[in-house]
1. May I ask for the angle, rounded to the nearest 10°, between helix 172-187 and the longest principal axis of the chain, with both axes built from Cα atoms and the value confined to 0 to 90°?
2. Could you tell me the largest-minus-smallest coordinate of the C-alpha atoms of the chain on each of the three principal axes, in descending order and whole angstroms?
3. What lysines could a cross-link reach from Lys228, if we take a straight Cα to Cα line under 17 Å and drop same-chain neighbours fewer than 8 places away?
4. Please identify every one of the GluC sites (Glu not before Pro) in segment 117-151 that sits in a loop by DSSP and has no more than 16 other beta carbons within 10 Å of its own beta carbon.
5. Under a cut-off of 22 Å between alpha-carbon atoms, report the lysines in cross-link reach of Lys475, not counting same-chain residues fewer than 8 places apart.
6. Mind giving me the nanometre distance, one decimal, between the label points for Val371 and Asp461, set 7 Å out from Cα along Cα→Cβ?
7. Hey, rough spin-label estimate for Ala487 and Ala250, points 7 angstrom out along Cα→Cβ, what's it come to in nanometres?
8. Accessible area, 1.4 Å probe, largest first: how do Val236, Val95 sort?
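The values are calculated or read from the model by the stated rules, or taken from the named source; none is laboratory data. Model, not experiment: these values are computed from the prediction. All Cβ positions, glycine included, derive from the backbone under ideal geometry; neighbour counts span all protein chains shown. Accessible surface is based on the protein model in full, side chains and every heavy atom, while ligands, DNA and RNA are left aside. Shrake-Rupley method; radii C 1.70, N 1.55, O 1.52, S 1.80 Å.
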Amino acid sequence: MQVELRGLTKRFGPVVANRAVDLVLKPGEVLGLLGENGAGKSTLMNMLCGLYTPDEGEILIDGQPVHFKGPGEAIAAGIGMVHQHFMLVPVFSVVENVVLGIEPTKRLDFLDLAKAREQVREIGRQYGLEVDPDALIESLPVGVQQRVEIIKVLFRSADVLILDEPTAVLTPQEVQEFFEIVRSLRDDGKAIVFITHKLNEILEIADRISVLRNGEIVGEGDPADLTKETLAEMMVGRPVSLSLGKTARAPGETILDVRNLVVLRDDDRMAVDNISLSIHSGEIVGLAGVQGNGQSALIEAITGLRQAASGTVTYLGEDITGVSVRKRHRMGIAHIPEDRLRSGLIADFTIAENMVLDTYYDDRFAQAGQVVWTRAERWAAKAASEFDIRTPSVFLKAGNLSGGNQQKLIVARELSRETKLVVAAQPTRGLDVGSIEYIHRRLLAARDEGDGILIMSSELDEILALSDRILVMFKGRIVAEFDAREAPPDKSAVGLSMAGMAA
Ligand SMILES: Nc1ncnc2c1ncn2[C@@H]1O[C@H](COP(=O)(O)OP(=O)(O)OP(=O)(O)O)[C@@H](O)[C@H]1O
Ligand SMILES: [Mg+2]
């Protein structure tokens, strides 16, 4: 089945998210779709999967124009999408999520569910997407949840699969497994659209690449003829420096001191097992580790989102182990959380409201206990322009920003106030190369102004590029420490210790 997009245009008020876009998807081919944050990738694919109606242009399947009135019709025509932010119901099982939305037509009785379970297993076997049909979604790692999203689309017999930033939340190991799945789908004759900001990934997996800028296609090519540098330049419209040029700096006083910290998971299992560490002024400490080795719990305990079972957290000489999140925040601790939609922002609030989410009570914005909104809005507009948040105004709901611009909103909020300690978890997840460059420079600038910085990232390259010192976590403990002040340590040595092997 061949799909053709012809002259597709989509506007949101003053924003032209897509302008006269032409694109062809062919069976047995992976089309890589690239573009800056807000370039219009998700919007374009949302039209193809029936979520949005184009303002102009048309979609043709095997030469015939189609007009989808909703995702149901697109799916019936064989087009399925795995969205940038997962849409699974956490308290339902895998098979319940897979059948969700199609069960009323078939009357889901006991037998249907049994049949669906068998089909889930069959799809799993066919494409290497193994998952237990009865597992609860919330109990599964994101990499497996990802598989469920794909099974859901395949269950509806899609011939065209749209994958919107599928690797953003995966570990490097999971990415390789995921590529195997994508290849087996392609070899089975599916047409695949693959959206990512990771240039090396797109060069590895795509058969053809199209680049969007400001809603328009600005370039197309064969990965064999392209490099990371040429792709970055096509996307941004100017050359992008892909290296940071960090200079060594001597660390100063102790900002944060963690002693014998023990933190438990929700189910009382050990997450952080007696960790001690300190972070100094003018120092970036990178926290490396395979996801699920306690890094998130450690960060939650430092920022106050999770209680410590024992041990102490000392900040600027003061014991803050039992201190509230708000108080920590007021003391100058910034936090860029791992999961932007769950703990970073409120999708239904405007950009301005989100920008002052944790400072609205401040003298800068409030008078006699009342928020003076003009002040907040002026400040938000300034931060938005500084951090290049692509939006027509600060009155837009944060949920209507593109994914990467939501991330920039959180980073802008946290880095634009007085801080002494910045705790950044996955700070550049979902950002385009230009934005990553900018955020990295801001983090370095904060370091050079004397902040202590803790960065957790599943991108080892990001840790290596930024850190002055690297701590590796494995099974709740710090198992290795690397000095990276003068030069980054050997990548494979860090990788080995991440796998629990002595470096
Ligand atoms: N429902 C909406 N209402 C208003 N504006 C919207 C809506 N959806 C998208 N936009 C705007 O359309 C533009 C394109 O957004 P889109 O989400 O398609 O970008 P993207 O290329 O997917 O970016 P990212 O890499 O950050 O995910 C942005 O300016 C965005 O704010
Ligand atoms: Mg997007």
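1. Computed tilt is about 10 degrees.
2. Principal axes ranked by extent give 69, 50, 48 Å for the Cα atoms.
3. Lys198
4. On the way: sites: Glu118, Glu122, Glu130, Glu138, Glu149; in loops: Glu130.
When the GluC sites (Glu not before Pro) of segment 117-151 are filtered for loop state and at most 16 Cβ neighbours within 10 Å, Glu130 remain.
5. Hits, sequence-local ones excluded: Lys491.
6. Reported label-point gap for Val371 and Asp461 is 3.8 nm.
7. Placing both labels 7 Å beyond Cα along the Cβ direction yields 2.3 nm.
8. Numbers: Val236 25, Val95 0 Å².
Putting Val236, Val95 in descending order of accessible area: Val236, Val95.
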